[in-house]
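Here is the structure we will look at, set down as C-alpha cells.
Any read-out appearing in this document is the output of simple, stated calculations on the displayed coordinates, not a laboratory observation. These figures come from a predicted structure and were not determined experimentally. Because the Cβ atoms are built from the backbone with ideal geometry, glycine has one as well, and the counts that use them run over all protein chains shown.
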Number of protein chains: 2
Amino acid sequence: MPGRKNSVSAKDVAARAGVSRAAVSRTFTPGASVSKETRSKVLEAAEALGYQVNHLARGLISRKTGIVALIGADLATPYRSELIRVLTERLQASGRVAILINTDRSDSTVDVALQQAIRYRAEAAVVLSGMPESSISELCHRNGLRLVLINRDDAHSGSVQIRLNDAEAARVALASFLRAGCRRLALASSQAGTPSLLDRENGFLAEAEKRGLPVLCERLGPTSYESGLALGERLLMRAERPDAVFCTTDLLACGVMDAARHRFSLSIPNDLSVIGFDDIEQASWDAYALTTFRQPVEEIGAAAVDWLSDGDAADGPRIIHLTAPMSWRKSVRGNGK
Amino acid sequence: MPGRKNSVSAKDVAARAGVSRAAVSRTFTPGASVSKETRSKVLEAAEALGYQVNHLARGLISRKTGIVALIGADLATPYRSELIRVLTERLQASGRVAILINTDRSDSTVDVALQQAIRYRAEAAVVLSGMPESSISELCHRNGLRLVLINRDDAHSGSVQIRLNDAEAARVALASFLRAGCRRLALASSQAGTPSLLDRENGFLAEAEKRGLPVLCERLGPTSYESGLALGERLLMRAERPDAVFCTTDLLACGVMDAARHRFSLSIPNDLSVIGFDDIEQASWDAYALTTFRQPVEEIGAAAVDWLSDGDAADGPRIIHLTAPMSWRKSVRGNGK
DNA sequence: TCTTTTTTTGCACACGTGTGCAATGTTCAT
DNA sequence: ATGAACATTGCACACGTGTGCAAAAAAAGA
C-alpha cells in the first residue's frame, strides 16, 4: 500500500514483484548478481509503482552520496554563473549532483556553508570565492569533505587549488598596450583583494616598474559594473588622462568603457584602449568588443571533476595551473601584432 | 575512535560526553527535552570532535530532507542566474538547501531531472524552464514531490504556478510606442515558444490588430544575444524600416540595439525605439539604457518559498499572479508620459 | 545419474538519525 | 515527610538502503 503515505520503497516493489527486497536492491545496483528473470519482474513492478531509489539511504550505507557543494558569492555574476553552469553540467555527467550555497563576501559565511556541506555529507566542496578559515578546513578534512579551491591560495591537505596565470596575463596586457603605442597607463581594480585580483594588479605594476613606466592606479568598491563606472570617472577626470586602462575584471572594464564613451565622449580605442579579464559574454557583444583574457571555464570544470573522480590517487595538496588565453577584439588600437 | 574512518557520528559524541546517543540527538533537535547540564556536555564533546548532524539520516527518518531542486536550462543567462541567486538565498534563509539541475532545452531532460529530484527525496522542485510531461508530473505527486512551475501553464495537483502579466505588459509596450509617435511597429522574438514568450507576442499582436496597426514580425533561433543581432539585421533590412521594436526578452533587445547601432548606424531612440522584457542587469548599463519590464525576481522567490512553508494549507493546484512593472529608461522617444 | 562448480536468492546486519515509552530523578505543594 | 506533578534519560524501534554469508537452485562435468 504505497498509496497515500509518502514515497514508494524497495519493500513495496519487492512485494509486488514477489521477490525479496534484496533482489530489488541488487537490480538497481550495477554489477550485482540478479537473474534476467527476476530483474525484469522487479523492473516491471518498479515501473508500475513509480519507484525511485532513495539516494539518501543509499548514501548513508555506501558512504557515497554523490553530492558536491558549490560555494560562492555573487552567484548571478556573468563569470560566476558560467562557471556554475559548467560545473553542474560536468557533475551531472559524472552521475553526481550539485548543491548550491550562497555566501556573502565575508569569509565567515564560507565557513557556515562548508558546515552545511558536511551535514549533507557532500563528497566535496568547490569554493568559488572567499577563503575558509584554516580550522574549518581541518574540520572538512576530518569529516572526509574534499576541497576544491578555485583561484585561492593557501590550500591544506586533501584539497586542490586551481589557479590561473594571472600575473603573466597582466604582463601580456601591458606589452599589448605598449605595442599599440599607448604611453599613459592606468590600472583599475576593485577593493575585493582576492588572490587572483592581486596577482593581476601586481603583475601589471611590477612589469611597468621594471620598464620604468608610471601607472595611474585606482581601486574602488566591489567587483561590479558600477565600480567600473566610478573608476572610469575618477581616472578620466585626472589632469593627464590615461590612454590605456587594464581592468582586472570584464565587469569593471564594461563600466570604464561606458564612462569613457557616455560621460567623456571618448572613442575606444582611438582615445582610450581597454583590456579586461574573464571574457564574460558581454565582452563579445558589439557594444564592447572588449579585448580580454578568457577564463578557461570548461577546463576548470573538467579539472575539478576529474580530480574528484581520481579517488585518493594523490592525497597531498595539489595545485593545477591553467592558462587564460588572450582574446583579441577591438578595444585596443592596432591588431595586436 | 572517530579518527581515520570517515565522519564522526552521534555515537562518538555520546561516548565522549558520557551520555546516551539519544541525548545527543535531542541536543540538536530544537524543542526536545534536555537538561542544561547534559546539553553543554554534549555541545562541548561535539565541538571537540567536529561533529555535524547527518542531514541525510535525519531526512530519512523525519521525512523532511530540506532539499529543494532547482531545474532549468540556460543557467548562465542573466535573468535565469539572478532568479537562481534569489531562490538559493531564500531557501537557505528558511533552513533549506538547493540542488541545481541543468537541463538542455528539451522537455525530456526535465523529466530525468525530476526523477533525480525524487531520488534525493527533495521536498519540492522549482521548474524554471521546460515542461514536465504529465505522466512524470503524476509520478512526482505520488512520491510527494511538490512542484513549483515558473511561467509555465498546465499545472497538476500539488503544484503551484507563478505567472506574470505578460500580455498586459506587451499592451503597455505598444501604447508606449504609440505615445512616442512611433508608427512602423515590429515584434522580435525567439522560436522558443515558451508560454510567457507566447503571451508577450500575442498580447502585442492582438492589441495592434485591435487598433488596426500592422506589425512586422520576426522569430528566430534560441533566446540569446546572437538571435537578437540576427533579428535586428532582418528587421532593419526591410524596405520600410520599423521605428519601434518590441523584443520579448532583454537579451534579444540588446542584440537588436547593437545591430541597429553598429551595423546600420542608427541612433536610439531617435531612429529606433526599443522595449525589452526581464530587466536584466545589462539593460541598466549606459550602453543600453533599455526601457523594459522588470521581472519581480524577489517576489517570485518569496512566493515560491512561502508556498513551500505553507505545508499543505492549499492542496489543490494554485496560481500566483505577479506583475512586471515597467522600468523607463532611454530607449524610447519621449519621457513615457 | 551423481558430484562439483557456479549462479541466484533470502536473511540479517549495518549506516546515522528521530522519537514513543517507560523508568528514573527532581521539584513542589501539602 | 509524603505524594503528586514534572523534567530528564535510556532503551529500542523505525527509516530505506547495500552487502556478506550461507542456503538453495541451476549448470556443468564425469
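By the scheme Lys and Arg +1, Asp and Glu -1, what is the net charge of all other residues having a beta-carbon under 11 Å from that of A:Val297?
Around A:Val297, the surrounding residues sum to -2.
Once you've got the GNM for chain B with C-alpha springs shorter than 10 Å, pick whichever of B:Ala302, B:Ala15, B:Ala283 has the biggest mean-square fluctuation.
B:Ala15
With +1 on each Lys and Arg Cβ and -1 on each Asp and Glu Cβ, and nothing else charged, work out how big the dipole of the range B:197-337 is about its Cα centre, in Debye to the nearest 20.
860
For B:Leu91, what is the net charge nearby, where nearby means another residue's Cβ is under 14 Å from its Cβ and Lys, Arg count +1, Asp, Glu -1? Provide the component values of the computation, followed by the final result.
Values: positive: B:Lys64, B:Arg85, B:Arg90, B:Arg96, B:Arg146; negative: B:Glu89, B:Glu123, B:Glu298, B:Asp306.
Net local charge, B:Leu91 excluded: +1.
Charges on Cβ only, +1 for Lys and Arg, -1 for Asp and Glu, centred on the Cα centroid of chain B; of B:Gly18, B:Thr323, B:Val53, which one is farthest towards the dipole's positive end?
B:Gly18
Between the alpha-carbon centers of the range A:61-110 and the range B:16-95, tell me the distance in whole angstrom.
18
Using only the alpha carbons of the range A:256-327, determine the length spanned along each of the three principal axes and report them from longest to shortest in whole angstroms.
57, 19, 17
Taking one equal scatterer on every alpha-carbon of chain A, how large is log10 of I(q)/I(0) by Debye at q = 0.12, 0.13 1/Å?
-0.86, -0.95
Considering the dipole of the protein assembly as shown built from charges on the beta carbon (Lys and Arg +1, Asp and Glu -1) around the Cα centre, which of A:Asn335, A:Leu145, B:Leu187 is farthest to its positive end?
Checking the options against the dipole of the protein assembly as shown, the answer is A:Leu145.
Would you look at the GNM of chain B, springs on alpha carbons closer than 10 Å, and say which of B:Gly232, B:Gly212, B:Gly59 moves the most?
Greatest mean-square fluctuation among the candidates belongs to B:Gly212.
Is there a quick way to get the dipole size of chain B? I mean about its Cα centre, with the Cβ of Lys and Arg at +1 and of Asp and Glu at -1; what is the value in debye to the nearest 20?
940
Residues of A:82-90, mean number of Cβ from any other protein chain within 10 Å of their own Cβ, rounded to a whole number?
Numbers: counts 4, 1, 6, 9, 3, 2, 6, 3, 1.
Average per residue, whole number: 4.
Just to be sure I understand: if I project the alpha-carbon convex hull of the protein assembly as shown onto a plane and average over all orientations, what area do I get in nm²?
Result: 34.4 nm².
Dipole of the protein assembly as shown, Cα-centred, from +1 at each Lys and Arg C-beta and -1 at each Asp and Glu C-beta, to the nearest 20 debye?
About 1260 debye.
Under the Kirkwood approximation applied to all pairs of distinct alpha-carbon atoms, what is the hydrodynamic radius of the range B:1-160 in Å? All intermediate terms of the calculation are to be shown ahead of the outcome.
On the way: mean 1/r = 0.0559 Å⁻¹.
Mean inverse Cα-Cα distance, inverted, gives 17.9 Å.
Arranged by the count of other C-beta atoms within 10 angstrom, fewest first, what order do B:Asp286, B:Asp199, A:Asp271 take?
Exposure proxy ranking, most exposed first: A:Asp271, B:Asp286, B:Asp199.
With chain A treated as a Gaussian network of Cα nodes joined by springs under 10 Å, which of A:Lys11, A:Lys36, A:Lys64 yields the largest mean-square fluctuation?
A:Lys36
Residues with beta-carbon under 13 Å from that of B:Ala15, excluding B:Ala15: net charge, scoring Lys, Arg +1 and Asp, Glu -1?
+3
Along the three principal axes, how long is the range B:24-83 when you take its alpha carbons, biggest first, rounded to the nearest angstrom?
Result, largest extent first: 52, 25, 17 Å.
Evaluate peptide B:51-60: per residue, the Cβ atoms of other protein chains within 10 Å of its Cβ; return the mean as an integer.
Details: counts 4, 11, 3, 7, 6, 12, 5, 2, 5, 5.
Other-chain Cβ atoms within 10 Å of each residue's Cβ, averaged: 6.
Mean residue ellipticity at 222 nm from the helices of the protein assembly as shown, using -39,500 (n - 2.57) per DSSP H segment of n ≥ 4 over the full residue count, to the nearest 500 deg cm²/dmol?
It lands at -13500 deg cm²/dmol.
Which value results for Rg/Rh of the range B:93-226 when Rg is the Cα radius of gyration and Rh the Kirkwood radius based on the inverse mean 1/r? The partial results should precede the final answer.
Values: Rg = 18.6 Å, Rh = 17.0 Å.
Ratio of gyration radius to Kirkwood radius: 1.09.
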